[in-house]
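Novice: Below is the structure I would like to discuss, written out as structure tokens.
FYI, it's all coordinate maths here, none of it is from the lab. In this text the structure is predicted, and so the values were computed from the model without any measurement. Neighbour counts are summed over all protein chains in view; Cβ atoms, including those assigned to glycine, are modelled from backbone coordinates with ideal geometry.
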Amino acid sequence: MKRTILAALALLCAFGASTASAQQTTGNITGRIVDAQGAAVPGVTLTAKNSQTGFVRTEQSDAEGGYLLNGLPVGTYDVTAELQGFAKFERTGLIVNVGQTTPVDITLNVAGLQESVTVTGESPLIDTASSSVGGVIDLGRVENLPLNGRQFANLAATIPGVGLGFHSDPTKSTQYSPQIGGGNGRNLNYQIDGGDNNDDTVGGLLQLFPLEAIQEFNFITSRYKAEYGRSNGGVMNIVTKSGTNRMQGSAFTLFRDTKMNAKTENERLSGSDKQDYRRYQYGGSFGGPIVTDRMHYFGAFERTQQDTFQVVNTLGLFPQFDGIFPTPYRETLGTGKVTANLTAAQYLAVRYGRNTNSQPYGADPRTPPSGWGLSKNSFNSLNLNHNWVLGGSKLNEFIFQ
């Protein structure tokens, strides 16, 4: 029995192992180490540490001085390079983005008395190892840019060549869809935490997540690699937030009523009064450590309640059906995530998400409520991601959804 289990694990690693370029939920740091004369320095110990979560990954430079710290969860890292006889090198505040390779070339100097070299600053978001076209929407833009409706995918419009249009699914009339080069948004491939998030019926984004739960996403508009299938329009690779060693949270609320609205065109044409309008949107997030430097949790919640009214005028054909009718919209979003630094080479993340919404379907100025429908959607997703560095450039990333 024991041999069978070991054989199964070996088979899983053989099929699951891949080079770092194929990762979808993490990033990596790579470069070359030389001395003051430009000669390669092998055997240097490289360490990348995320001080917020305690995550640490270590590697050594090869005979050519090259190194690769791969499978790094998204975040900010401090990188050190050490070898006896050379001054210690430190680089702080290095940002690792999802699906990106961050280049850091290092020059080591011969050690003096208690000497070290510390470099502070962010690396530019230029991935010289990939020819893909697109951009990263980082946490700064997610948190600071105004976003009507709080739909995170709309931030893709800040990337050149991307616009916004209405969702092609009429049951998702409150959603917008990123569109590349004039497309209709149905041919995009949405991945969240490495899992599939595509509507297999009409295309486009399937499940929504609270904006407070989004860490960042990488939107590739063209020249993406073969690892991203199911799309001829673009790829949106999304990563949700994880907890840190510090307990922290957020809360928000939005209220909008009739006083902030003008008459709709339908109300003006029918000679009706301006109808009542109420929209409440509220929620928050909270995260922290379960075991400091080892295990963390994060959760987020968002609720939308919108009450509007539809004026119906059948132009005298069915006067008994004319009138003003309510069109309420309700949506609830929630997600919870637990992450664990199992070993120096293994990282585990488990995330659950839920999205429910309801609204009248087919409401328009000429159709009475008897011709409307009720659209109700309920989405649940469970995502498990196990990240295992097998050594060198070998990375096994197992995703279950």
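Novice: Charges at C-beta only: +1 for Lys and Arg, -1 for Asp and Glu. How large is the resulting dipole of the stretch 248-400 about its Cα centre, in Debye rounded to 20?
Specialist: Details: 16 positive and 12 negative charges, 64 e Å.
For this selection, approximately 300 debye.
Novice: Quick one: length gained pulling ASP199 to GLN84 fully straight, 0.36 nm per residue minus the C-alpha distance? Don't skip to the end; give the middle numbers.
Specialist: Numbers: separation 115, 0.36 × 115 = 41.40 nm, distance 5.52 nm.
Fully extending the segment from ASP199 to GLN84 adds 35.9 nm.
Novice: Short version: ³J(HN,Hα) in whole Hz for each residue of the stretch 263-274, in order, from phi by Karplus 6.51 cos²θ - 1.76 cosθ + 1.60 (θ = phi - 60°), x for Gly and Pro, what are they?
Specialist: Running phi through 6.51 cos²θ - 1.76 cosθ + 1.60 with θ = phi - 60° gives 5, 6, 4, 5, 5, 5, 5, 8, x, 7, 6, 5 Hz.
Novice: On to the next question. Taking a ≥ b ≥ c as the square roots of the Cα gyration tensor eigenvalues, with a/c under 1.5 meaning rounded and otherwise prolate when a/b beats b/c, else oblate, which class fits the stretch 149-216? The partial results should precede the final answer.
Specialist: Numbers: a/c = 1.33, a/b = 1.10, b/c = 1.21.
Cα axes put the stretch 149-216 in the rounded bin.
Novice: Just to verify a number: FRET efficiency for LEU254 and SER378, C-beta to C-beta distance, R0 = 22 Å, to 0.05?
Specialist: The computed FRET efficiency comes out at 0.40.
Novice: Between THR292 and ASP322, 0.36 nm times their residue separation minus their Cα-Cα distance comes to what? Write down the numbers at each step before the final one.
Specialist: Values: separation 30, 0.36 × 30 = 10.80 nm, distance 6.30 nm.
Result for the pair: 4.5 nm of gain on full extension.
Novice: With the cut-off at 1.5 for a/c, could you classify the stretch 132-259 from its C-alpha gyration tensor as rounded, prolate or oblate? Walk me through the numbers before you get to the answer.
Specialist: Working: a/c = 1.72, a/b = 1.23, b/c = 1.40.
Judged from the Cα gyration tensor, the stretch 132-259 comes out oblate (a/c at least 1.5, b/c at or above a/b).
Novice: Using the per-residue mean of other Cβ atoms lying within 10 Å as a proxy for protection, in what order, highest first, do the peptides 249-258, 268-277, 203-212, 377-386 fall?
Specialist: Values: 249-258: 11.8, 268-277: 13.5, 203-212: 22.9, 377-386: 15.9.
Answer by packing, highest mean first, reads 203-212, 377-386, 268-277, 249-258.
Novice: Can you give the FRET efficiency for SER272 and ASN245, using 1/(1 + (r/R0)^6), R0 = 60 Å, r = Cβ-Cβ distance, to the nearest 0.05?
Specialist: Plugging the Cβ-Cβ distance into 1/(1 + (r/R0)^6) gives 0.60.
Novice: Please give, to one decimal in nm, the separation of the simple spin-label points placed at ALA39 and ARG186, each 7 Å out from Cα toward the Cβ.
Specialist: Rounded to a tenth, the inter-label distance reads 6.4 nm.
Novice: Name the residues whose placed amide hydrogens come within less than 5 Å of the amide hydrogen of GLN215, ignoring near sequence neighbours (fewer than 5 apart) on the same chain.
Specialist: Under 5 Å from the amide H of GLN215 lie the amide H atoms of VAL239, THR240, LYS241, each far enough along the sequence or on another chain.
Novice: Taking Cα centroids, how far is the stretch 251-288 from the stretch 370-401 in Å?
Specialist: 33 Å
Novice: Please list the non-local residues whose amide H lies under 5 Å from the amide H of GLY134, H modeled 1.01 Å from N, same-chain partners needing a gap of 5 or more.
Specialist: Residues meeting the criterion, in which the H sits 1.01 Å from N, are THR221.
Novice: While we're on this one: Quote the FRET efficiency, to the nearest 0.05, computed for ASP307 versus ALA63 with a Förster distance R0 of 51 Å and r equal to the Cβ-Cβ distance.
Specialist: 0.15
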